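The values are calculated or read from the model by the stated rules, or taken from the named source; none is laboratory data. Note that the structure is predicted; figures quoted are calculated from it, not measured. Cβ placement follows ideal geometry from the backbone for every residue including glycine, while neighbour counts extend to all protein chains displayed. To get the accessible areas, we keep the full protein, side chains included, count just its heavy atoms, and leave off ligands, DNA and RNA. Shrake-Rupley method; radii C 1.70, N 1.55, O 1.52, S 1.80 Å.
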Amino acid sequence: RWVLREGCRQAKIFREQTAAEVKPGIGINLSVKQLFQSDIVGDVRSALADAGHVPSALTLEITESVMMTDIDLAVSRLEELRDLGVRLAMDDFGTGYSSLSYLSKFPLDILKMDRSLLAAGASPVTSGLASAVLGLGETFDLEVVAEGIEYPEQSATLRDLGCETGQGFYFARPMEPVALLTYLDDRAGEIDGT
C-alpha cells in the first residue's frame, strides 16, 4: 500500500514539474497476494484520489504466473481495476505458460516482453519469439514494451522489429526524483518526437 500511495504521489509531482509535453506515468508491480486481496481496488482508488493522480498514468503490472493462479478471479479483479481507468500490463511475458485463449480473456493494455527474448547471445529461436510477441501485441491490440534493454544492439533490434517501446539500463539507470526531473526535461524533445 505504501508503494502504491507513494508512487502515485511522486508521479503526480513529476507530471506537474516536468516541462516535457508527454507527461510521465508510473508502473507498479502487484503480487499475487495483492491482486487477490478483496481491498486492492479500494486501495488503488484511494491512492489515486489522495494523490490527485490521473488514473490513465498508472500502470499496474502483474506477472503471467500470478494471473494463472486463479483465472476467473484474476479476470474479475483486473476488470474492476481497469474500470478505475488504470492501465494493466502482463509483466515478464514470454517466460510463463499462458495460452492464447487465456491471453484473450485478460483485460490488458500492455505486454511486457521478458528480457530473455532479446538477451545478448540469445538463440535464433528465442529471438524469433520476440517477433512473435510483437505479432501477438498487434493481434490483441496491446502495446508491447521490451524489458531489460542494456545495449545499443538490443535497441537497434527492437527498432528493426517494429517495437516502439523499451525499458532498461541502456536508456537510464534508477535515479533520485530530482535527477529524474532533470533527465525528463533534458530529453523533452526526444520523448516528444521532435
For the chain, which whole-number percentage of the solvent-accessible area (1.4 Å probe, protein heavy atoms only) is attributable to carbon and sulfur atoms?
51 percent
For the residue pair ALA119 and LEU73, what label-to-label distance in nm results when each label sits 7 Å from Cα along the Cα-to-beta-carbon direction?
3.2 nm
At R0 = 30 Å, FRET efficiency that the Cβ-Cβ distance of ALA172 and SER38 yields, to 0.05:
0.25
Obtain the nm distance between the two label points defined at SER65 and SER46 by a simple spin-label model: each point lies 7 Å from its Cα along the Cα-to-C-beta direction.
3.0 nm
How far apart, in nanometres, would the label points at TYR102 and ALA188 be if each is projected 7 angstrom from Cα along the Cα-to-Cβ direction?
4.5 nm
What ranking, highest mean first, results for peptides 172-182, 152-162 when packing means the other Cβ atoms within 10 Å averaged over each residue?
152-162, 172-182
Using the heavy atoms of the protein chains and a 1.4 angstrom probe, tell me the accessible area per residue for segment 19-156 in square angstrom.
46 Å²
Quick check for me: using +1 on Lys/Arg Cβ and -1 on Asp/Glu Cβ, what's the dipole size of the chain about its Cα centre, in debye to the nearest 20?
360 debye
